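Here's the structure we're looking at; comments come further down.
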Amino acid sequence: MAKLQAKYPGESEYLQAVQEVLESIEPVYNQHPEFEAAKIVERMVEPDRIFTFRVTWIDDRGEVQTNLGYRVQFNSAIGPYKGGLRFHRAVTPSMLKFLGFEQTFKNALTTLPMGGAKGGSDFDPVGKSDAEIMRFCQAFMLELWRCVGPDQDIPAGDVGVGGREIGYLNGMYQKLSRQYHTGVLTGKGETWGGSILRPEATGFGALYFTQHLLHKAGKDIAGKTVAISGFGNVAWGAVKKATQLGAKVVAISGPDGVCVVPGGMTPEMNDYMLEMRASNRNMVEDMAVKFPDKARFEAGKKAWSVPCDIALPCAFQNELSEEDAKELKANGCWCCCEVSNMGCQPGAIHYFQNNGVLFAPGKAVNAGGVATSGLEMTQNAAHLSWTAKEVDERLHQIMESIHEQCVQFGTQPDGSIDYVKGANIAGFMKVATAMLEQGII
Ligand code: 2IT
């Protein structure tokens, strides 16, 4: 860690992600001198390569705009590079390195053969028209297409990139490459190679994982209150499945504040989240304007100020601080399943773990998204489409297996389960073994 800090000062998210994994794996690593001899950790913390490119496009006023684009190909030991694209004004190489690093372990947990990658741009979708989004995606693909391919690197969506953006990216990829296979991006539309349930998969998978965690703790989700941050694709799927399972979603939030929903989110409100995302306004207040008798907007507040049994961070890294964790606990919260990548700050995780709040990390909880991307790749490679039932069953099995891996590697001498350790050690052992067996490269 000291070497990395000196080498990459200021790359705080990347250093935070590496620190968490190294802390978890230390005891296991020390039992394997062959890992040390092959310098597995020193190799694993560095991305295989990073592409950086200029993306120039023209906005609706006719002005020329320039952004930066990136693809971080982190680790291919267990399969081709796989991971999402993030369009957000705060995107930096540090952010994409942390996400690519996390992705490598997460993808290992899915049981599918996928390496880790992440990419994106500092392009800010907020306030952009549909035509601007299309022109930006096309300009972005003018560079990205040379870095990716169905057996090399398969991007998907992430924050700011959903089905619409994947469509524009795929159209331009085909135009440039004259390759008409369906396998270079996942999260595609259902009529052009996309898997049924991929849009829902991250949120659904997170709730399946939460069910297993609660079951192990002798609890049940039905009738419980849930606070969710965000209102994008992941939060949308989480609200839907939580509600289907009989829980009451009492809060969703955005950068402008929180919507408190005392009676619980209804299916109509859940559907409206899609319109809120497509509008590119990035304001959760719109929900309270649309449903004034059901939702109350509180400006500047987080979802963590709303009393709940279960907290599901579904928005952005470091969105839940130690203070938030204390407020949640004080208001009766007893479980937090992290759905966003690194959504909880280290202080929050330690507070939860030391104060009897069940906690599981994003790389286990949210892996249903990329797992279903893996199922989309399988369908594409076989030139067929599975039914919703088939995809959902496989997603269920995968989330159960991820939970089992956490239990296997995370059970402590006192019988409790440290899900952070469990997920990190399980992912690490798989990637480290694959690296070791393939030699020093
Ligand atoms: O963080 C993630 O796992 C994703 N954004 C999904 C990646 C994917 O390739 O589906």
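Structure values in brief
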quantity	calculated
For the chain, Kirkwood radius (reciprocal of mean inverse C-alpha pair distance, Å)	21.8 Å
Accessible surface, per residue, of segment 62-124 when the full set of protein chains is kept, probe 1.4 Å, Å²	23 Å²
Dimensions (Å) - segment 381-441, Cα atoms, principal axes, largest first	44, 38, 12
Overall Cα dimensions of segment 128-274, principal axis frame, Å, largest first	53, 34, 23
Percent antiparallel among DSSP beta bridges (both partners in the chain, rounded to 5)	60 percent
Area of ARG164 that stays accessible when all protein chains are in place (1.4 Å probe, Å², to 10)	60 Å²
Max mean-square fluctuation residue, GNM over the chain, Cα-Cα springs under 10 Å, options ASP158, ASP60, ASP256	ASP60
Potential lengthening between GLU393 and ALA38 on full extension [0.36 nm per residue; Cα-Cα distance subtracted]	123.9 nm
Distance between segment 22-37 and segment 330-368 - C-alpha centres, whole angstrom	25 Å
Straight-distance crosslink candidates among aspartates and glutamates, where the alpha carbon sits under 19 Å from LYS216 and sequence neighbours closer than 8 are dropped	ASP309, GLU338, GLU400, GLU404, ASP414, ASP418
Debye equation applied to the C-alpha atoms of segment 295-441, log10 I(q)/I(0) at 0.21, 0.22 Å⁻¹	-1.26, -1.31
Carbon + sulfur, % of accessible area of segment 316-419 - ligands and nucleic acids excluded, 1.4 Å	49 percent
For segment 382-434 versus segment 105-179, the gap between their alpha-carbon centres in whole angstrom	26 Å
Value at 222 nm in deg cm²/dmol, rounded to 500, when DSSP H runs of n ≥ 4 in the chain each add -39,500 (n - 2.57)	-15000 deg cm²/dmol
Reach of LYS294 by Cα under 23 Å, taken over lysines that are not fewer than 8 positions away in the same chain	LYS224, LYS240, LYS241, LYS248, LYS302
Quarter of Cα convex hull surface for segment 169-256, i.e. mean projection, nm²	7.8 nm²
Too-long pairs where the Cα-Cα distance tops 26 Å, listed order kept, from LYS7/LYS118; LYS3/LYS82; LYS219/LYS363; LYS82/LYS175	LYS3/LYS82
Computed magnitude of the charge dipole of the chain (debye, nearest 20; Cβ of K, R +1, Cβ of D, E -1)	500 debye
Eligible aspartates and glutamates near LYS290 by straight Cα distance, threshold 13 Å, same-chain separation 8 or greater	GLU268, ASP271, GLU275
3J(HN,Hα) from dihedral phi, segment 269-284, Karplus parametrisation 6.51/-1.76/1.60, rounded to Hz, x for glycine, proline	5, 4, 4, 5, 4, 5, 5, 4, 5, 5, 6, 6, 7, 6, 10, 6
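The values are calculated or read from the model by the stated rules, or taken from the named source; none is laboratory data. Quick caveat, the model's predicted, so the values are computed rather than measured. As a convention, Cβ positions derive from the backbone with ideal geometry for all residues, glycine included, and neighbour counts pool all protein chains shown. Areas reflect the complete protein model, heavy atoms only, side chains present, ligands, DNA and RNA absent. Shrake-Rupley method; radii C 1.70, N 1.55, O 1.52, S 1.80 Å.
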